[in-house]
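Below: the structure, in structure tokens.
The values are calculated or read from the model by the stated rules, or taken from the named source; none is laboratory data. Fair warning: this is a prediction, and the values are worked out from it, not measured in the lab. Because the Cβ atoms are built from the backbone with ideal geometry, glycine has one as well, and the counts that use them run over all protein chains shown.
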Amino acid sequence: MPPPAPRGTGSLAPNARPTLAAPLTGSILLHGVLIGLFFLLRPTAPPASAPVYRVDLVAARRKPEKLPMLRLKHFECDDQR
């Protein structure tokens, strides 16, 4: 009977060193499947949309900075008709 493997190696084989082969292979397979599904399940081309029109917006003139204030005087009219 072979001696038991040291604790913490996670292997049933005697004197086995831990490797990353299984996790790396699993990760590559998982990402390959996901990328394949991404390309296979892409939506079809979007439906045609309405045409786009170019519009030029023209604003009103700028308000003058300051208009001179007109002072209107009230004149009494003596005109009697």
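When 57, 12 are checked against the criterion of being aliphatic (A, V, I, L, M), at pLDDT below 65 and outside any helix (DSSP H, G or I), 12 stands alone in meeting it. The C-beta contact set for the range 43-56 (first residue touching a residue at least 40 places away in the same chain (Cβ under 8 Å), second residue surrounded by 10 or more Cβ atoms within 10 Å (Cβ to Cβ), distance under 8 angstrom, 6+ apart or interchain) is empty.
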